[in-house]
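The values are calculated or read from the model by the stated rules, or taken from the named source; none is laboratory data. Treat the numbers as computed from the prediction; the structure is a model and nothing was measured. Because the Cβ atoms are built from the backbone with ideal geometry, glycine has one as well, and the counts that use them run over all protein chains shown. Just so you know, the surface numbers come from the protein's heavy atoms only, side chains and all, with ligands and any DNA or RNA stripped out. Shrake-Rupley method; radii C 1.70, N 1.55, O 1.52, S 1.80 Å.
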Amino acid sequence: MKSRQRAFMLMTVPALILFFIFHTYPALQGIYYSFTDYKGYGEWNFVGLKNYFNVFQDERALQAYGFTFKFAIIATILVNIFSLVIAIGLNSKIKFSKTLRAVYFLPNILSILIVGYIFNFIFTFFIPDIAQALGINALAENILGKPDLAWIGIIVVSVWQAVAFNTILYLAGLVTIPEEMYEAASIDGAGTWKKFWNITFPLIAPFFTINMVLAMKNFLMVFDHIIAMTGGGPGTSTESISLLIFRGGFEGGEFAYQSANAVIYFLVIVIISVVQLRYLQRREVEL
């Protein structure tokens, strides 16, 4: 037993040390510097909560928060709708269901940056050229170059790639539902819609909760798609909080200020996730 415990310790302790060095320590260091005027180099002084108060007075930061929340809410809703519909289709008795599952999961294993650059080319050249040839003026211009429409292109790509993972989670829930329940419901005269609301959705509610929380958290942290497709532009119309923190902290000499912004953003994500969990878990019981 002692040798077994020693083996477990030898596997666990190095991982914990690495996690602390590359994750916990930098996070604590960032929190520490958030109370200073550190620029990322040179001398610094303590300024207390000044950086935290300045975040709430920064119009660029508030705009980034507004864009990020809008993006995350819309993308989370769309991802869960599409992934649930696809999962139900893949779980039905159709030909090549296993092959189709693998095909639908492919976007999840692709690099976000590579996908972003590919779709950047598609939105910039491919779609406008085809639209011009077909005489569709609404699509003849690159939407990524329009401040009011650029976010739509990012949502399309983000949702397309995120649907794959959420579909797998919904499939994991759907396969746990006994087929006998649907057969009994059919005998009672229940239609497809009633089966979904009275059998399918209540039984996959825990998976719905997981998908909603994970999707919201991931979309709130959106970074790679924006870097690859718009770089936060045109102007700052698609600048997310993660991108603002990165640029201001590492390129703009605002290390301490953006560290405070990061702490605030971390707390926002935690609060949203906890509220989501509690509300959706309560709904699970009611269902």
When only Cα pairs under 8 Å and 6 or more residues apart are kept, what is the percent relative contact order across the chain?
-> 30 percent
Connecting every pair of Cα atoms under 10 Å apart in the chain and solving the GNM, the largest mean-square fluctuation among Gly191, Gly233, Gly145 falls on Gly191
Using a 1.4 Å probe over the heavy atoms of the protein chains, calculate the carbon and sulfur portion of the accessible area of segment 128-284 as a whole percent.
-> 65 percent
Accessible-area composition of segment 28-125, carbon plus sulfur, in percent [1.4 Å probe] = 69 percent
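When ligands, DNA and RNA are left out and all protein chains stay put, how many square angstrom of accessible area per residue does segment 67-220 have with a 1.4 Å probe? List each step's numbers first, then the result.
Values: 8650 Å² over 154 residues.
Spelled out: the 1.4 Å probe surface of segment 67-220, per residue, equals 56 Å².
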Between Glu141 and residues 5 or more places away or on another chain, the pairs with built amide H atoms under 5 Å apart involve none
What is the P(r) of the chain, as percent of Cα-Cα pairs per 5 Å bin from 0?
-> 1, 5, 9, 11, 12, 13, 13, 12, 10, 7, 4, 2, 1, 0, 0, 0
Ranking Val222, Phe201, Ala75 by how far each Cα lies towards the positive end of the charge dipole of the chain (+1 on Lys and Arg Cβ, -1 on Asp and Glu Cβ), the top one is Phe201
What is segment 96-139 by shape, rounded, prolate or oblate, if you read a ≥ b ≥ c off the alpha carbon gyration tensor as root eigenvalues and call it rounded for a/c under 1.5, prolate for a/b larger than b/c, and oblate otherwise?
-> oblate
From the phi of every residue in segment 63-78, what ³J(HN,Hα) in whole Hz does the Karplus formula 6.51 cos²θ - 1.76 cosθ + 1.60 yield, where θ is phi - 60° and glycine or proline is x?
-> 5, 5, 5, x, 4, 5, 5, 4, 4, 5, 5, 5, 5, 5, 5, 5
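Hull surface divided by four, with the convex hull built on the Cα atoms of segment 1-119: how many nm²?
Numbers: hull surface 62.0 nm².
The orientation-averaged projected area of the Cα hull of segment 1-119 comes to 15.5 nm².
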When only Cα pairs under 8 Å and 6 or more residues apart are kept, what is the percent relative contact order across segment 98-196?
-> 27 percent
Which far-off residues, 5 or more places away or on another chain, put their amide H under 5 Å from the one on Thr36, with H placed in the peptide plane?
-> Val47
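Per-residue counts of other Cβ atoms within 10 Å, averaged by peptide: what ranking do you get for 192-202, 27-37, 211-221, highest first? All intermediate terms of the calculation are to be shown ahead of the outcome.
Working: 192-202: 13.7, 27-37: 16.5, 211-221: 20.4.
Answer by packing, highest mean first, reads 211-221, 27-37, 192-202.
By its C-alpha gyration tensor, with a ≥ b ≥ c as the square roots of the eigenvalues, how is segment 109-255 shaped: rounded for a/c under 1.5, else prolate for a/b larger than b/c, else oblate?
On the way: a/c = 3.31, a/b = 1.74, b/c = 1.90.
Oblate shape, in that a/c is at least 1.5 and b/c is the bigger or equal ratio.
Highest mean first, what order results for 253-262, 275-284 on Cβ atoms within 10 Å?
Ranked by mean Cβ neighbours within 10 Å, highest first: 253-262, 275-284.
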So what is log10(I(q)/I(0)) for segment 167-221 at q = 0.24, 0.29 1/Å, when the Debye sum runs over its Cα atoms only?
-> -0.91, -1.11
Could you check which residue among Val115, Val103, Val222 shows the biggest mean-square fluctuation in a GNM of the chain with a 10 Å Cα cutoff?
-> Val103
